[in-house]
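Read-outs throughout are calculated quantities, based only on the coordinates presented, and are distinct from any laboratory measurement. In this text, all values refer to a predicted model and were calculated from it rather than measured experimentally. Quick reminder, even Gly has a Cβ in these numbers, built from the backbone with ideal geometry, and neighbours come from all protein chains shown.
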Amino acid sequence: MQKIKGLMVIALALALTGPALAQAPPGGGMGRGMGSAMYNPQTVTTVKGQVEKLEELSMGPNMAFREVILKTDEGSLKVHLGPVWYLNEKKFVVKAGDTVSATGSKVTLDNQPALIAREVTVNGTTLKLRDERGVPVWRGSGRGGMGQGMGPGGGRGQGPPPR
């Protein structure tokens, strides 16, 4: 039930932010990733804790996002990492029991505190997930969206030769 409510909140957030995300910056294309519309640089904090549980949130075919539930000194906190394909591509492994340090934007989802991670460290390995503004670093990688260069006026690819 809790997971369904969480999915409904995220679906609603995506439905409300969809038109804004469709207005891609020059060269930005789609593929911005979950959370970038909700990321607030003013709420950036660092949390440390032990992974209680791993979760995957499916957003459609080939669009699964990884989340971890951290047990911190202040209680449990859901930390949104990024698309499973990106974490796999970077060979970034996190499992239950690992100690994690995550820096990102603290938000409220389904009336619960959550963190949209900008950077996460596990077992001495640090992975950057978003830039200072919350824009995912996987943006433009060509998976999970149209990728960089597909937005208005920003493409640098070669089209057909002029006639």
**Asked** For K91, which aspartates and glutamates qualify as cross-link partners when the Cα separation must be under 17 Å and same-chain residues fewer than eight apart are set aside?
**Response** E56, E67, E119
**Prompt:** Packing-wise, with mean Cβ within 10 Å as the measure, how do 79-86, 63-70 rank, highest first?
**Reply:** 79-86, 63-70
**Item:** Separation in nanometres of the label points that stand 7 Å from Cα toward Cβ, at A64 and K91
**Value:** 2.1
